[in-house]
1. Pairs please, first residue from region 703-717 and more than 9 Å from residue 677 (Cβ to Cβ), second anywhere and modelled with pLDDT under 80 and not in a helix (DSSP H, G or I), Cβ atoms under 8 Å, 6+ apart in sequence or on different chains.
2. Name the residue, out of 289, 261, that is modelled with pLDDT under 90, touching a Ser or Thr at 6+ places or on another chain (Cβ under 9 Å) and among the acidic types (Asp, Glu).
3. Looking only at region 814-832, decide whether some residue is over 24 Å from residue 356 (Cα atoms) and either without any contact (Cβ under 8 Å) to a residue 12 or more places away in the chain or of a type in the set (Ser, Thr, Tyr) (or both).
4. If I ask for residues that are assigned to a helix (DSSP H, G or I), open to solvent by less than 10 Å² (accessible area, probe 1.4 Å) and under 30 Å from residue 914 (Cβ atoms), which ones from region 644-687 would you list?
5. So, residue 835, is that one open to solvent by 30 Å² or more (accessible area, probe 1.4 Å) and on the phi > 0 side of the Ramachandran plot or not?
6. So if I check each of 548, 504, 537, 541, which one is modelled with pLDDT under 85 and more than 28 Å from residue 342 (Cα to Cα)?
7. When you look at residue 407, is it within 17 Å of residue 837 (Cβ to Cβ), among the hydroxyl-bearing types (Ser, Thr, Tyr) and crowded, with 21+ Cβ neighbours inside 10 Å, yes or no?
8. Could you look through region 600-633, keep only residues that are of a type in the set (Val, Ile, Thr) and under 11 Å from residue 669 (Cα atoms), and pick out the one that is farthest from the chain's Cα centre (by Cα)?
Amino acid sequence: MALRRSPSATCAESWTNGASFMRVATALSESSSIHSDALFHLTRDVSGMGLDPMSYSLLEPTPFKEEPSAEECESLLQRNSMQIPPSDDKIPVRDSTISQEGSKEGLCFSDGRRKVDYVLVFHPRRHSSVRSPPGTSISLDRLSIVSNGNFPPAVDPDAAAERGGGIPAGEAANVGEVCMELGDEGLNEPTEPADHEMRLIRQEFEANLLEAGLEIERDKECKTHGPSFTRLHAPWPVLCREAEFLKIKVPTKTSYELKEEKGFGSSMSTVWKKLKQPFQPKVPHQEHERNKVLSHCFSRDKLHLYNITSKDTFFDNATRGRIVYEILRRTVCVRSCQTIGISTLIAKGVYDAAFPLHDGDYKVIGHVEEKTDRQVLHEEWARYSAFYKYQPIDLVRKYFGEKIGLYFAWLGVYTQLLIPASIVGIIVFGYGVATVDTNIPSQEMCDESLNFTMCPLCDGACDFWHLSTACGTARASHLFDNPATVFFAIFMSLWAVLFLEHWKRRQISLSFSWDLTGIEDDEEHPRPRYETILLQKRQRKQKHKKKKKKKNEAAIEKLTWKDRLPGYCINVSSILFMFGLTFSAVLGVIIYRITVSALMAMSPDPETKSNVRVTVTATAVIINLVVILILDEIYGAVALWLTELEIPKTETNFEERLILKAFLLKFVNAYAPIFYVAFFKGRFAGRPGNYVYVFNDYRMEECAPGGCLIELCIQLSIIMLGKQLIQNNIFEIGIPKLKKLVRAIKDKGSTEAEIEDERPPKQWNLDYALAPFEGLTPEYMEMIIQFGFVSLFVASFPLAPLFALLNNVIEIRLDAKKFVTELRRPVAVRAKDIGIWYNILSGMGKFSVIINAFVISFTSDFIPRLVYQYMFSQTGTMHGFIDHTLSYFNVSNLKAGTAPLNSDHGDITVCRYKDYREPPWSSDAYTFSKQYWCVLAARLAFVILFQNLVMFLSLVVAWVIPDIPKTIVEQLKREKKLLVDVFLREEKEKFQLIQSLFSKDASKHPGSHVIPQSQGAPLPGRYSTLPPGATQAGDGGGGGPRARCRAASFSQFTRKIPPSPKNENENARHTAV
C-alpha cells in the first residue's frame, strides 16, 4: 500500500478551524496477492461517510489550501489503521439515504439485508459542514491509497461507471472515494474544544466497535440540527462468538414428549383448559405443545446440533440487541481515560442515547400476512379491551427479555390471587352489613332512653352531649369491626404466605420453560461514577508519588470504605432527617386537626358544630394524601442522590441500594399517618380534669365514640385510592405525555427539516422520539406499597383487596401500553428471579402478621367485647357492654375555665367518658380499674396467640407446597439424561469417523501401523478420554473406569490429512488431528 501526497503539501502548516475535506481515493488491481480487508476498514474508518467511485486521474495529488499539522495527520492515520481480521461478512459502510426496496421500513441497513441491531444517537453541538456541491470553493485534501488486493465493492458497478469518468464497470466497482470532515472553513463559528474532543472519542469508540466485528452505518449528511444516528449490525460470526461467551441457551434438534397426566387429574386438567380457552390471547405458537425442544448453551463447535434454519432468524431481535449491548458495554475508549462501556460515554455526553429498535410500527395497517411481535403484543396485550385475557408472558419475555417478563408474570400472579382475597373481603363486609341491625353495642349507643351524658369534647366552647348522637358512627364502625374481621386477618396473613409460595413455584416453572436453569450471573463492569472517582484517586496518588519520588507502588484497583465514609455519613444523617421531615408532616396535620376542631367548636352555627368531626377528618386525610404524594417524588430523587454518594461499583449493587433506600423512605411516608391513627391517636389524650395539651391551649385529639377503627378505615381507604388514582395512573399517563410534548417542542426544527426532505421517518427516528426506559423500580415500588395496604392494615378495611384488584387490572394494561407504544425498546436483560423485591415482600408478609394482631387487639373493640362477655356479663351476652366501657367523672372536678360556658343540658353533676377507670366515689378515684388490667392482659395474650398461630400455619403452608413442582424436577432429570446421551452419541460418531480416516490412511500406506478397533486400547493423545464402551466394543471386556467425553467439532476431522513418509510418526500425526 502506498500513500502519496502532493509535493507541495506540508503537514507542518497550521491547521485552523477552517473546513477542509480529506479525500481518500482507492485504486484496486485484479492481480492482487495480498488481502486488503484491513485497508478497506482503514478507508472506512478514515472516511466515516459513504464510498463513491473516482477515476484513476484522481490518484495524483491535487492542490489544496490548508493542511492539518504533522502530528494530527500521524495520529489520525495511527488511530484508524487498526488491523481488522478478514471476514467475508464485512460490508462497507454505506450512505443511509440510498433508497432501496426491501429495507423493511427502516429496520435494516440501506442494502436491505443487514438488520439494525442497535442505534447510537448524538446531537451535533454546532453547525457541521455538508458534502459540498461541484463548483464550490471548499478545498479538498486528497489522500491517495493504492493497494494490490481485492476490495469489497462499495457501490453499484453501473453507477460507479457513470460517475467514474469513463472507467469500465468492472474497474469502477473496485474504486472508491470517501470524504472526511476536517474542519469548518466556510462558517464563522469556531469549533469548541469539548465538541472536537467528543467527536474524536466517538471516532475512536466506533473504530473499536469495528475491530470487535460490528458493522456500522452512519448518516450520509452532516446534520446542522437534530440527532445524528449511527446504526450497528452484528454479523453471524460475531453473534456466534458472543453467544458462546454469554452462554446463551439455544434450541437443539432434539426434542422429547412431555409426560401427560392420567386418570382424574388428566380429566380435570382438560376441563380447566377448555374453561380457560376464551381468556387466552390469540398469539401464534403460543398453544401448549406436547413436545419440548431440548436447549443447550451455544457453542461454535456444535453448530450441527442446533436447529439452524436461517442465520438471520436463529437469534431473535431481542437476543441480537443484547449481544450488541454486551459489546458496547465492554468496549474501551482510551481517549476518555480508559472509559469502559457505552453507559459511561452517555453519562459524559459523548452520545445522547443508545437503544435497540422496535420491530416496526405497532399499528396494523391494511392486510398483513404475518404480524410482528410488537403488533401482536399491541393487539392482544396492550389494549384495555383485553383486560379479561391472560397475558402472553412468553411473547413478552421474547420481545422484552426475562427481567421484564418476570415483572409482568409476578404482577399477573399477584392480581390473580387478589381475586379470592377480594371475594372473602366482600363476604366479610357483607356480614357486617347483614348484622349491623342486630348488633347489641350499636343498638345501645343508638338508644336514646339510656341517656348516656358524655363529657365535653373541648374546653369552654363545647357542651355536654348524648352518646346517641354518635349512632351513625357506631353503625359504620360495625361494618369493619366485627368478629369476621379476625377471621379475615388470619386469612390474609395466610394469603400472603400462599402468594409467595405460589410465586416461587411459578418462577421455577418460568425458569424451566425459558431455559434459565443453571445460568450464571453476567459479569458486570464498573459504573461511570465509580470509574471517575477511582481515576481521580489514581491521579491524586500519582501526584503524591511524584512529589515524594516513590516508585514500585501497586496501582489502585478499587475504592475502600475510607473513600465511601463521607457518603455513608451523609446517607445516615439524610435518612434520619427525612424521617424527621415525615414525622413533622404528620405532626403538622395533627395540629391542624386539633386547632380546626377547636375553632369550629366555637362557631355559633349549630350545623358547623355538628359536622366538626366529619369535616376535620376528611380535610386532614386529603392534606395527608397531598403531602404523601409530594414527599414521594422528593424521596425518590433523594434516594437516587444518596445512592450515588455511596459510589456502588456495579449496576446491580446500585439498584439494590437504591431500592432499599427508596422503599424505606416511601414506606415511612405512606404509612406514618396510618400508624398514628391505629396505635397512637387517643392513647395519650388524658382524662377529664387532667387532659394533655399542645401549646398549653389545645387538647390532644381523641378517637371517635365508635372507636379509632372507623377513622383508620377512612384514612387507609382515601390514601390507598388516592395514591392509586393520582400517582399510579394520572402520573403514569400525564407525565410521559408532558415529557413527550416538551421533546416535540425542542425537536420542532429537526422535525420540520425532515418534512421538507419529504421522506418517511425511519424506525430509529420514531424510536428516538419515545421516552427512554428508566428501569422497573417505579413499577415494582407502587405494587409493593399497594401490597402493604392490602396486607398490613387489612383488618380495618376488608375491601382493600377489591380496590387493589380493580387497580391492577388497569395497571397491567397501562404498563403494557407504555412498554409497547411509549417507551424505547429496553435491552433484553437476563434474570433468574425478581431479586431483592422477593425479600421485601417476604418481610412485609411477616410484618403484616404483627401489625394485624395489634390492630385487632388495641385498635378494635374485639378483645374488650370478649372479656366483657365471658368475664363480666351477668347474662353471658353483650347487653350492658356500652355502660361497662364508660367511666364516671364528677363535673365539679373540672379545672377552672374548662367547664362549658353555656350548657343546654341543665344541671349536670356526673358525665361519662370512654375508659376503664375507678369512679369518683372510689377511694382510688380516676385510677385504672381492674377491668382495664384484664382487658390489657387479654390484648397482649391475643397478640402472642395470633402471631404464633399464623406463623405456625404459614410454616405448614410453606412445607406442604414444595418450591419446585414435581413435574419440573422430573423434566430436569430427563433433560440432563438426554443431553448426556446426545454428547455420547456425538463422541461415538467422531470416534467412528476417526477410525474410518485411519483405515483409509492404512489402505494408502500398507506399512503403517493402525490400531484395530477390536484391540480395545485407547488412541494416544487427546482422544484417550473417549469412553471405554466406544473403544472396547470388539472384545466387550471391562477395562478401567469410564472417562468423561470431551466435545469437539466435526470440522476438526473433515479436512484432508497430508500423507507422511515416515511410519514411526503415524501416531503423532493422528494425535494432532
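The values are calculated or read from the model by the stated rules, or taken from the named source; none is laboratory data. All figures in this text were calculated on a predicted structure; none of them were measured in a lab. Every residue, glycine as well, gets a Cβ built from its backbone with ideal geometry; the counts of neighbours run over all protein chains shown. Calculation scope for accessible area: heavy atoms of the full protein, side chains included, ligands and nucleic acids excluded. Shrake-Rupley method; radii C 1.70, N 1.55, O 1.52, S 1.80 Å.
1. Matching pairs, first to second residue: 710/704.
2. Result of the check over 289, 261: 261.
3. Checked against the condition, which is being over 24 Å from residue 356 (Cα atoms) and either without any contact (Cβ under 8 Å) to a residue 12 or more places away in the chain or of a type in the set (Ser, Thr, Tyr) (or both), region 814-832 yields no hits at all.
4. If the condition is that a residue be assigned to a helix (DSSP H, G or I), open to solvent by less than 10 Å² (accessible area, probe 1.4 Å) and under 30 Å from residue 914 (Cβ atoms), then 670, 671, 673, 674, 677, 678 are the ones that fit.
5. Judged against the criteria, residue 835 is a match.
6. Testing whether each residue is modelled with pLDDT under 85 and more than 28 Å from residue 342 (Cα to Cα) leaves just 548.
7. Criteria met by residue 407.
8. Of everything passing the filter in region 600-633, 627 is farthest from the chain's Cα centre (by Cα).
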